Amino acid sequence: MWGGRFSEGPASVMREINASIPFDKRLWRQDIAGSKAHVAMLAKQGIVAAADAEAISDGLDRVAAEYAAEGVPEDLALEDIHMVTESRLAELIGPTAGRLHTARSRNDQVATDFRLWVRDAIDQVEDALAALQRALVTRAGEHADSVMPGFTHLQSAQPVTLGHHLMAYYEMVARDRSRFTDARARLNRCPLGSAALAGTGYPIDRHMTAAALGFDGPTANSLDSVSDRDFALDYLMAATQCSLHLSRLAEEFIIWASQPFGFVSLSDQWSTGSSIMPQKRNPDAAELVRGHAGRIAGCMTALTITMKGLPLAYSKDMQDDKPPVFEAHDLLGLSIAAMTGMVESATFRTDRMRALAESGFSTATDLADWLVREAGLPFREAHHVTGRAVKLAEDRGCRLDQLPLDALQTVDPRIAESCFALLSVDASVASRASHGGTAPSQVRERIAEARTSLGMTE
C-alpha cells in the first residue's frame with residue numbers, strides 16, 4: 001500500500017498495533033456504499049472511464065456478497081477495512097481496482113464510513129427507544145389509577161399513581177430520542193472528497209456523492225472534515241444520558257422487586273436463580289443494565305480524552321475512535337431491549353403499593369394545604385401544625401386520616417371534619433390535577449398525547 005517509500009516492512013508489533021481490521025470490519029457495508037457512490041461520481045465527471053467504473057461497482061457488489069456470506073477476513077498486513085476491500089476487489093477485477101482510490105484518501109473515506117455507521121446506529125436506537133416508550137405508555141394506561149407511594153430521599157413523600165411514575169420515564173426517553181435526533185441532524189454532512197486534508201485537484205462533484213449517500217450536503221472545510229469526530233462524541237454523550245435513564249429505571253425495578261418493597265414481580269425471562277439458595281429470584285437483567293451505564297459512560301470518556309488536544313488534521317490516535325462507539329452501541333441496544341422486556345412483562349403488586357402509600361403519612365401535605373385554604377394559615381405555620389399532627393399519629397400507631405377529630409383539634413382547634421375528605425390517598429392523587437400532575441385525569445391526558453405522538457392505535 002505504501003511500500004514505495006519504505007525499504008523495510010513493519011515490525012510484527014507495529015503491524016499488530018497499526019491494524020484496525022479486527023474492529024473496523026464492522027464498517028464494511030458503509031465502506032462498500034461509499035465506494036460505489038464515489039466511483040459513480042468519478043465516472044460521471046469523466047475522471048474514470050465508464051467501463052472501469054462499471055467493473056469496479058460490479059466487483060464491489062461481489063465483495064459485499066462475500067462479506068455477507070462469509071464475514072470479513074482479517075489480514076493485519078492490509079491494516080483496515082478499506083485496504084482489505086480494495087485488495088479483494090483487485091483479486092476479482094485486476095488492476096482496474098486501483099482507480100477506485102482516485103480523488104480520495106483513507107482519511108475522508110473512514111470519516112464518511114464512520115458517519116454512515118453512526119447514522120445507522122442512531123436509527124436503530126431510535127426504533128428501540130420508541131418500542132420502550134410504547135411499553136411504558138401501555139403499562140401506564142393499565143395503572144393510571146393505581147396508587148403508590150412517591151418518594152424523595154427514598155422516603156415516603158406523597159402518593160402518586162403508578163401510571164404517573166411510568167410516564168416519568170416516558171418523558172426521559174423522549175428527551176433521549178431528541179438528543180439522538182439532534183446528533184443525527186448535525187452529522188448528516190458528507191466528508192467524502194475532502195481527501196487527505198486539503199481537498200483534491202480532480203474535478204469531483206461532492207454534492208453528487210453526498211446525495212447518493214443520503215447526506216444533506218457535503219462538509220464545508222476539508223481540514224475539519226477529516227479531523228472531526230464530534231458526531232461520534234455526540235452519539236456517545238446521548239448514549240450515556242440514555243443509559244443513565246435506563247439505569248435509574250433498572251434501579252427502581254431492583255428495589256421494587258426486593259422483599260421489603262414487594263412492588264413488582266419480574267418475569268422468569270428477566271430473572272435468574274442462585275447456585276446455592278433455591279428460593280432466590282435475582283433481578284440480574286436490571287442489574288446488568290445498571291452496570292452497563294458505567295461502561296457506556298466509560299466509552300464516552302475514552303473518546304473524549306482521545307480527541308483532547310489533537311492537532312489538525314488526521315492523527316493515528318483517531319483510529320481508536322471506533323471501539324468505544326461500537327461497544328457503547330452494543331451495550332445500549334442490549335440495555336434498551338432488556339428494559340423494554342421487563343416493563344412489558346412485569347407484574348405490579350398494586351395492593352402492596354397502596355398499603356405502603358397509606359402507611360407513610362404521605363397525605364400530610366394535603367392537611368397542610370387544607371389549613372392554608374380553609375383555615376387561612378400561612379403555609380409555614382400550616383406546615384408546623386401538620387408536623388405535630390403527624391407526630392401524634394405516629395405516637396398512636398395509626399394513619400393520619402385515622403386520628404379522631406378531637407385529637408387533631410388538640411393540635412390546632414381550627415382543624416375541622418371537612419379535612420378528612422382530603423386525607424385518603426385516592427383524594428390526594430385526585431387533587432393533584434395541575435398540568436403534569438399525578439391525578440388520574442392528568443395521567444390519562446398525558447398518555448393520550450403520548451399515544452398520538454407514537455402513532456399507537458387504540
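Laid out as a table, the results:
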quantity	calculated
Accessible surface of Ser359 - all protein chains present, 1.4 Å probe, nearest 10 Å²	70
Computed accessible area, Ser194, all protein chains, 1.4 angstrom probe, square angstrom	0
Tilt relative to the chain, helix 162-187 - C-alpha long axis, 0 to 90 degrees, to 10	20
Cα principal axis extents for segment 120-279, largest first, Å	72, 40, 28
1.4 Å probe accessible area per residue over segment 334-458, in Å²	50
For Ala68, net neighbour charge (Lys/Arg +1, Asp/Glu -1) across residues whose Cβ lies under 14 Å away	+1
Thr272 - accessible surface, heavy atoms, 1.4 Å probe, Å² rounded to 10	60
As computed over segment 349-453, the Cα convex hull volume per residue (Å³)	104
Cut-off 10 Å between beta-carbons: net charge of the residues surrounding His245, Lys and Arg +1, Asp and Glu -1	0
Accessible area in square angstrom per residue, segment 116-227, 1.4 angstrom probe	41
Carbon and sulfur %, accessible surface of the chain computed with the full protein complex present, 1.4 Å	52
Tilt relative to the chain, helix 230-257 - C-alpha long axis, 0 to 90 degrees, to 10	30
Using alpha-carbon coordinates, inclination of helix 350-359 to the longest axis of the chain, degrees	50
Overall Cα dimensions of the chain - principal axes, largest extent first, Å	99, 52, 45
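The values are calculated or read from the model by the stated rules, or taken from the named source; none is laboratory data. Remember, predicted model here, so these are calculated numbers, not experimental data. We place every Cβ from the backbone using ideal geometry, glycine too, and count neighbours over all the protein chains shown. Quick note on the areas: whole protein, heavy atoms, side chains included, nothing else; ligands and nucleic acids left out. Shrake-Rupley method; radii C 1.70, N 1.55, O 1.52, S 1.80 Å.
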